[in-house]
Amino acid sequence: MTTPSPTPSPTEGPQLWELTVRVEGSLAELVADLLLNAGCKGTAEEVPLARTGARRVRGYVFPPTELAREAVLEAFGEGLRTTGIAELDSLAVDAQLIPAGGWEEKWKERWRPFRIGCFVVVPLGQETALRPSDRMLPIEPGGAFGTGLHPTTRMCLLYLRDLARRETRPRRTLDIGTGTGILALAAEQLGHTPLLAIEISESSCRAARPNFERARSKAQLVCATPAALHSRFELLLANIETETLVELAPELARLAEPGAMLISSGIDRLRFDKVDAAFRAQGFALLSRNERGKWAAGWWERRSS
Ligand SMILES: C[S@@+](CC[C@H](N)C(=O)[O-])C[C@H]1O[C@@H](n2cnc3c(N)ncnc32)[C@H](O)[C@@H]1O
């Protein structure tokens with residue numbers, strides 16, 4: 001790994017470090033995870049639709065001090081070495097100070113259509129060639145969570161893809177904390193219908209609605225929490241933070257049919273066992289567990305009524 005050459009930006013106002021690494025596509029996710037583990041506040045992957053070829057992975061460091069940058073670079077270098085992958089030993093990192101202001105809009109300049117399993121996330125106003133088996137997710141975040149770039153969303157989408165490979169397909173589906181609607185739209189595309197998407201935040205609900213409309217979704221979107229619901233579902237999706245999941249476990253059990261599937265993420269990797277214990281106490285059995293960086297996801301089945 002070469003030493004970064006900082007290029008101070010002439011822009012006034014708050015700044016942050018942007019670390020850019022160019023890496024072979026198959027290693028991009030691993031490098032993004034290592035950047036997060038090293039202390040980056042977020043990452044962005046330039047993910048072309050082709051499965052091969054080099055791509056850029058960016059990590060963002062705040063505060064914009066040399067000390068913070070060096071600490072992240074040191075931890076990142078250590079992380080690279082622990083992988084034992086020779087190709088990562090000589091990885092060059094370019095560090096630049098960029099304006100933090102308008103960040104929410106700025107990152108979108110680099111947001112291009114990208115693939116997650118059979119899903120292709122297509123940002124608003126962009127187009128891309130699709131394969132016949134592709135499932136298109138037209139997403140404009142508008143301040144809501146769920147671009148598809150976050151590891152928790154990605155792991156849920158991959159579990160949905162895996163679920164679709166099973167013979168029996170759960171129908172009545174509930175997406176709790178829909179954010180942009182990304183998981184709901186993905187589930188609907190795979191035939192998990194009828195579908196109800198709920199969201200506690202009114203502003204996220206407002207942001208999600210146009211995404212459902214653009215996707216010509218028949219799903220119902222309601223600004224509510226699980227406590228307001230009375231029907232039961234065959235598939236539950238819940239990408240919500242760790243402690244909320246633990247609190248919600250009895251509600252999830254109340255809303256799950258016997259045999260229902262629960263796909264959940266937003267879980268701090270180190271507290272996965274706490275979530276699993278809360279779910280187990282409510283009759284959910286863990287079928288699969290996955291991890292990306294500091295995040296974990298799981299797939300459970302409701303065994304008892
Ligand atoms: C991590 S985001 C997930 C968004 C999207 N489902 C995804 O996977 O990318 C979690 C969402 O859950 C919402 N949320 C948190 N607690 C909730 C609750 N008790 N009921 C409904 N929504 C909730 C938040 O407002 C937020 O939009």
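Think of the chain as having a plus end and a minus end, set by charges on the Cβ of Lys, Arg, Asp and Glu; of 36, 258, 151, 258 sits farthest toward the positive end of this dipole. Radius of gyration (Cα atoms) of the chain, expressed as a multiple of 2.2 N^0.38 Å: 1.03. In terms of surrounding Cβ atoms within a 10 Å radius of their Cβ, 217, 203, 133, 90 rank from fewest to most as 133, 90, 203, 217.
Within 10 Å of each residue's Cβ, count the other Cβ atoms and sort 192, 230, 150 from fewest upward. Show your work: numbers first, answer last.
Numbers: 192 26, 230 6, 150 20.
Final ranking by Cβ density, sparse to dense: 230, 150, 192.
Using the beta-carbon distance between residue 168 and residue 274 and R0 = 35 Å, what value does 1/(1 + (r/R0)^6) give for FRET efficiency, to the nearest 0.05? The formula returns an efficiency of 0.70 here.
Within the stretch 156-200, the GluC sites (Glu not before Pro) that combine a DSSP coil assignment with at most 16 other C-beta atoms in a 10 angstrom radius are 167. Hey, in the GNM for the chain with a 10 angstrom Cα cutoff, which one of 292, 209, 131 fluctuates hardest? Maximum fluctuation in the GNM of the chain, among the listed residues, is at 131. In loop segments of the stretch 218-287 as defined by DSSP, the GluC sites (Glu not before Pro) with at most 15 further C-beta atoms inside 10 Å of their C-beta are 241.
Taking Cα centre as origin and charging only the Cβ of basic (Lys, Arg, +1) and acidic (Asp, Glu, -1) residues, the dipole magnitude of the chain rounds to 1120 debye. Tell me the label-point distance for the pair residue 24, residue 216, using the 7 Å Cα-to-Cβ offset, in nm and rounded to one decimal. Simple spin-label model gives 4.2 nm for this pair.
Principal-axis analysis of the Cα atoms of the chain puts helix 28-37 at an angle of about 80° to the longest axis.
Based on Cβ point charges of +1 for Lys and Arg and -1 for Asp and Glu, what charge dipole magnitude is obtained for the stretch 154-259 about its Cα centre, in debye rounded to the nearest 20?
Numbers: 14 positive and 13 negative charges, 112 e Å.
Roughly 540 debye for the stretch 154-259.
Secondary structure note: in the chain, about 60% of the DSSP beta bridges are antiparallel.
For residue 42, the amide hydrogen comes within under 5 Å of the amide hydrogens of 60, counting only partners 5 or more places away or on other chains and with H modelled in the peptide plane. How far is helix 66-83 tilted, in degrees, relative to the longest principal axis of the Cα atoms in the chain, given as a value from 0 to 90 rounded to the nearest 10? Taking Cα atoms only, the helix is inclined about 70 degrees.
Please give the calculated 222 nm ellipticity per residue for the chain, where each DSSP H segment of at least 4 residues contributes -39500 (n - 2.57) and the sum is spread over every residue; nearest 500 deg cm²/dmol? Numbers along the way, then the final one.
Working: 9 runs with 94 residues, N = 305.
Here the helix-only value at 222 nm equals -9000 deg cm²/dmol.
Rounded, prolate or oblate: which one fits the stretch 157-305, using the alpha carbon gyration tensor with axes a ≥ b ≥ c (rounded when a/c is under 1.5, else prolate when a/b beats b/c, else oblate)?
On the way: a/c = 1.42, a/b = 1.30, b/c = 1.09.
The shape class here is rounded.
No value in this document is a laboratory result; all are computed from the given coordinates. These numbers were taken from a predicted model, which means no experiment stands behind them. Note that each Cβ is placed from the backbone with ideal geometry, even for glycine, and that neighbours are counted across all protein chains shown.
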